Amino acid sequence: MATQIPKELETQAESGQAVERRTVVQGIGAAVAATALPKFGVMTRSTALAAESGPVKIGFIEDYSGNLSVYGLQKLHAAQLAIKEINEGKTLKGGPVGAGGLGAEANFAGKPPTIGIQGTGLPVVNDGGPKDHKDVVFAEDEDVLIDSGDKGILGREVQLIAPDGQSNNALWQQLARRLIQQDKVDVLVAGFASAEREAIRPIVDRAKQLYFYTNQYEGGVADANTFCTGPVCEQQVIPGVSYMVEKFGPRGYTIAADYNFGQLTAAWTRAFAPLVGGEIIGEEFIPLSVSEFSTVIARIQQAKPDWVMTLLVGQNQHNYYPQAAAAGLRLPMVSTVNMAQGYEHRRFKPPSLAGMHNAIQYQMEVPTNRNRAFVKRWMAMFPNDQYIGEMAQNTYFTIHLYAKAVRLAGTTDQQQVKKALESGWTIEAPEGAVFLEPGTHHCAHYIRLAVCDENHNVSFPRSWPMIQAWWLQRLGVNLIRHPEYKQYVPDEDPYFAMFLKNKSKKT
Amino acid sequence: MDTLGLLASILYQFGTNAAFLLLAAIGLVVILGMMNIINLAHGELMMMGAYIATIVTHRGIPFPLAVLLAFLLVAMFGAALERVIIRRFYGHELGALVVTWGISLIMGQGTLLFFGPFMPSIGIPGGSFSLGAYSFATYWIVLIGVSAILIAALWWIYQNTRFGLMARATMQKAAMAEALGVNTDRVYMLTFALGSGLAGACGALLAPTVSISPLMGQQFVAPAFITVVVGGAANVLLGAIGSSLLLSAVKTPVGLLFGAFIGTVALLLTALIIIRLMPNGVSFYLQRFTERRVGA
């Protein structure tokens, strides 16, 4: 493949000149980084590796234009923020220490406690009234960003090479080849839609390229070169559906984007609803190009479900929400993607998203100090941004995680960094602690149930402080002992068929 | 009661599907149907109308006025576009195709640069009402009416005004019209402006129901071209009405029974069959049918 690249382009790329013609985004403060002196032991080791010089190149592909740009631009800004922080000598707390500790569960009062009762003048502390929900109490960090003692990574400036995938799978393949073969990136962070990931994964595997996929997705990717840092079905579908069944009733109706993500997430929903006493009474798959939903709305009205699982992707499909609201369809909704990623509750007039539930891993409203500090840092750098979604946060902590792993490995050599990543990392992300499980290359996440009300305010009535991505473990995947390069689908697990037969049995 | 609701629901969807096709196509009916310019920037003209309507509505201007403003501004933009670029490509169909595609790219990406990936949309005006288990959006009922009014107005302009007469003459035989004293240059400009303005107005009308983003226009391009091409060139207005009703009549029941995806497949299949069996479009047969009746 490399022989097909024109000679002059190749040499230009190696000398770093060709980058001018591309979308190269450098973090601010990069110039300072180049002159910084190494302070850590791990870094003196790296200075011995004379071959590793020049900037650390992070290859990054997302969609900054087209149907999926609503997500891509957030992710680009996340990468820019992380790289700026790394170049300024900052890192997120955490290290190869395992899953870390959790807080204690307690009842929460509806209002904060107040001192003194009006009119009495007595110095009494009341308890804030009736306890209206349960949650987890933990010592809250003010912020999780600390000094790394390293400007850049191992004293080298970090550079972002971020071409636009334009929501076009064929272009994604070209760009992935270019980043790997011409730019020779040290790490590839890329992919929104599962179709995009599956389009570039064979290229990644041929080159044994270290690759991070930061999206929420349907799960099942067992690939020795790929690290999946977003949440998957077992972490979101089961908590979300169990809450819906408990609160609104057993009958669900799924509408999903018609590609691998929508199909497989719908399969999870169908298979696992009976486990929590629910049942999927209807399903419809909608092409990404569809933007007119009157037929879909009428079919839902005909089926009369208790709630609707919406797995809608892209700008065209988001039109479902205002159209359904205008047509008077006011059923409770649950999703694994909507609201947390495409911020439909900010883009559409209330009450289009009223009654939306999503067992999210992150969205901008997460009510913790560390997240507020993160949002503040982000908005200082990008004051015009409208929202920070789930995968933007994933991209942010993933790039910090990569920097930490390189520091542990003492080299950007990709095989060494992969080994370093397989050391049981916990990283303190804005969402909470994230644990990268070494054997499956997937992360355990802090999951919160986000609920959108009539006025599009978001609250979090329930949390699950650490849900494992357990399905690949169930299938016996261990990429360290048995490297493989495939995506498992629910059909390969006989238990899915068993669950389906188990209709509406309460567990 | 529920049978009544179901009937109303079917009728409502038939209407909304047809109105959507008609609104998506109406600007293209003028530009492709009459001027034979394959205008690939059609979607972006609709996007421009939607942006104008959304921006001014957010500033507190009433929505109907915003639609009117979208019509005027996009028509002016269309006139300027015709003067500067399009008029150099009359008679070069492929050249016009490429140049309008270029314009669409510049408009789409330019909007992305200036306005960012999103703009909060305006809420759908009007409420909803229900019959049995089914509920309906008032706004779509209004849109069905508006699309009928628009097409009737266009018809009236082309049949009953001096401009309409000159336009029809120019489109039929430009040289002869010019010899008879018609300023064909001006007719071309006005026709393109009218088509652009209509695209802008329809974009504005559909704006509350869609998400406002730089590439939103793309979703209208395929339905617009299918409607106009199936309608055929013999009588573009009659064709657009015929084809939107026909395509909706296929899409609605199939969609209801088998889902939106199969509904869209059925629509495309019907378009394919019609273009294969009636290469002159629906309007050719509709016109022949009406002429025969008048003759008899």
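Being assigned to a helix (DSSP H, G or I) and within 14 Å of residue B:225 (Cβ to Cβ) holds for only one residue in B:5, B:33, B:15, B:49, and it is B:33. The conditions of being touching a residue at least 12 places away in the same chain (Cβ under 8 Å), closer than 27 Å to residue A:297 by Cβ and away from chain A (no Cβ under 14 Å) are not met by residue B:30. Among residues of region A:62-89 that are facing chain B (nearest Cβ under 10 Å) and within 17 Å of residue A:172 (Cα to Cα), those with a beta-carbon under 9 Å from a residue that is surrounded by fewer than 24 Cβ atoms within 10 Å (Cβ to Cβ) and among the β-branched types (Val, Ile, Thr) at least six positions away or on a different chain give the pairs A:64/A:23.
Can you say whether residue B:41 is within 22 Å of the chain's Cα centre (by Cα) and within 30 Å of residue B:257 (Cα to Cα), as far as the supplied structure shows? No; evaluated as a whole, the condition is false for this residue. All conditions but one from (1) within 14 Å of chain B (Cβ to nearest Cβ); (2) touching a Phe, Trp or Tyr at 6+ places or on another chain (Cβ under 8 Å); (3) within 26 Å of residue A:462 (Cβ to Cβ) apply to residue A:284; the one that does not is (3).
Meeting the requirement of 2 or more residues that are over 27 Å from residue A:81 (Cα atoms) and at pLDDT below 85, the strands (runs of 3 or more DSSP E) wholly within region A:91-209 are A:104-109, A:131-137. Of everything in region B:243-281 that is farther than 20 Å from residue B:19 by Cβ, within 11 Å of chain A (Cβ to nearest Cβ) and surrounded by fewer than 19 Cβ atoms within 10 Å (Cβ to Cβ), the residue that is nearest to the chain's Cα centre (by Cα) is B:265.
Restricting attention to region B:92-134 and to residues that are outside any helix (DSSP H, G or I) and of a type in the set (Phe, Trp, Tyr), the residue that is farthest from the other protein chains (Cβ to nearest Cβ) turns out to be B:129.
Of all the numbered requirements in (1) under 30 Å from residue B:222 (Cα atoms); (2) within 11 Å of chain B (Cβ to nearest Cβ); (3) among the hydrophobic types (A, V, I, L, M, F, W, C); (4) out of contact with any helix residue (DSSP H, G or I) (no Cβ under 8 Å at 6 or more places or on another chain), residue A:303 misses one, and that requirement is (1).
Being among the hydroxyl-bearing types (Ser, Thr, Tyr) and under 25 Å from residue B:207 (Cα atoms) is true of residue A:291.
Checking each residue in region A:209-219 for being buried (at least 24 other Cβ atoms within 10 Å of the Cβ) and touching a residue at least 60 places away in the same chain (Cβ under 8 Å) picks out A:210, A:212, A:214, A:215, A:216, A:219.
Taking the criterion of being assigned to a helix (DSSP H, G or I) and more than 20 Å from residue B:240 (Cα to Cα), the residues of region B:166-183 that qualify are B:166, B:169, B:170, B:174, B:175, B:176, B:177, B:178, B:179. Among the residues of region B:1-12, those identified as surrounded by fewer than 24 Cβ atoms within 10 Å (Cβ to Cβ) and out of contact with any Gly (no Cβ under 6 Å at 6 or more places or on another chain) are B:3, B:4, B:6, B:7, B:8, B:10, B:11, B:12. When region A:346-386 is filtered for residues that are of a type in the set (Ser, Thr, Tyr) and either surrounded by fewer than 24 Cβ atoms within 10 Å (Cβ to Cβ) or at pLDDT 90 or above (or both), the ones remaining, listed by number, are A:362, A:368.
Which numbered condition trips up residue B:197, out of (1) among the small types (Gly, Ala, Ser); (2) within 28 Å of residue A:316 (Cα to Cα); (3) surrounded by fewer than 23 Cβ atoms within 10 Å (Cβ to Cβ)? Single failed check for residue B:197: (3).
Scan region A:263-280 and give yes if some residue there is within 14 Å of chain B (Cβ to nearest Cβ) and either free of Cβ contacts under 8 Å to residues at least 60 places away in the same chain or over 25 Å from the mean Cα position of the chain (by Cα) (or both), otherwise no. Yes: one or more hits. When we screen A:76, A:68 for residues that are at pLDDT 90 or above and among the aliphatic types (A, V, I, L, M), the only hit is A:76.
Of B:190, B:206, B:198, all but one fail to be within 14 Å of another protein chain (Cβ to nearest Cβ) and either among the β-branched types (Val, Ile, Thr) or assigned to a helix (DSSP H, G or I) (or both); the exception is B:206. Among the residues of region A:196-249, count how many are closer than 26 Å to residue A:358 by Cα and not hydroxyl-bearing (Ser, Thr, Tyr). Matching residues across region A:196-249 total 31. I'd like the residue in region A:319-345 that is facing chain B (nearest Cβ under 7 Å) and surrounded by fewer than 24 Cβ atoms within 10 Å (Cβ to Cβ) and, out of all such residues, is nearest to residue A:234 (Cα to Cα). Here the answer is A:329.
Candidates B:215, B:247: the one that is farther than 27 Å from residue B:287 by Cβ and among the hydrophobic types (A, V, I, L, M, F, W, C) is B:215.
Residues considered: A:392, A:405. Of these, the only one that is within 14 Å of chain B (Cβ to nearest Cβ), assigned to a helix (DSSP H, G or I), among the hydrophobic types (A, V, I, L, M, F, W, C) and buried (at least 22 other Cβ atoms within 10 Å of the Cβ) is A:392. Can you say whether residue B:145 is over 26 Å from residue B:235 (Cα atoms) and either facing chain A (nearest Cβ under 9 Å) or under 24 Å from the mean Cα position of the chain (by Cα) (or both), as far as the supplied structure shows? Criteria not met by residue B:145.
Answer yes or no as to whether residue A:292 is under 26 Å from residue A:195 (Cβ atoms), at pLDDT below 90 and at the interface with chain B (Cβ under 10 Å from one of its Cβ atoms). Considered against the rule, which asks whether it is under 26 Å from residue A:195 (Cβ atoms), at pLDDT below 90 and at the interface with chain B (Cβ under 10 Å from one of its Cβ atoms), residue A:292 comes out as yes. Taken as a whole, the condition of being of a type in the set (Lys, Arg), touching a Pro at 6+ places or on another chain (Cβ under 7 Å) and not assigned by TED's automatic domain parsing to the domain that holds residue A:152 applies to residue A:347.
The values are calculated or read from the model by the stated rules, or taken from the named source; none is laboratory data. None of these values were measured; they are calculated from a predicted model. Neighbour counts run over all protein chains shown; Cβ positions are idealised from the backbone, glycine included.
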